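Right, one structure below, let's go through it.
Bear in mind that the values in this text are calculations on the coordinates, not laboratory data. Just so it is clear, the structure is predicted and the values come from calculations on it, not from any experiment. Counting neighbours? That spans all protein chains shown, and the Cβs are built from the backbone with ideal geometry, glycine included.
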């Protein structure tokens, strides 16, 4: 039983860690846009990256 509780807590932490960068990129913080502009990412590529990051966090939780 204790293992299931620990497993659930770890999954919630991983989902949070996946959603946090996605939300930061989605809001368009200047630091994140500057970082991705160094790698020549367009605004569309950043949105696609955000989508993949957030979807993968949700899929991992299931």
(message) So if I restrict to the alpha-carbon atoms in region 2-61, what is the Rg, and what is Dmax, the biggest pairwise distance, in Å?
(response) 14.1, 47
(request) Could you rank the peptides 28-39, 48-59 by their average count of other C-beta atoms within 10 Å per residue, with the highest value first? (result) 48-59, 28-39
(message) So for the chain, averaging the separation of alpha carbon pairs under 8 Å that are six or more residues apart and normalising by length, what relative contact order in percent results?
(response) 51 percent
(request) Evaluate E = 1/(1 + (r/R0)^6) for residue 59 and residue 36, where r is the Cβ-Cβ distance and R0 equals 35 Å; express this FRET efficiency to the nearest 0.05. (result) 0.95
(request) Grab the DSSP H runs of the chain that are 4 residues or longer, score each as -39,500 (n - 2.57), total them, divide by all residues and round the 222 nm result to the nearest 500 deg cm²/dmol. (result) -29500 deg cm²/dmol
(message) Given points 7 Å out from each Cα along the Cα-Cβ axis, report the residue 8 to residue 52 separation in nanometres with one decimal.
(response) 3.3 nm
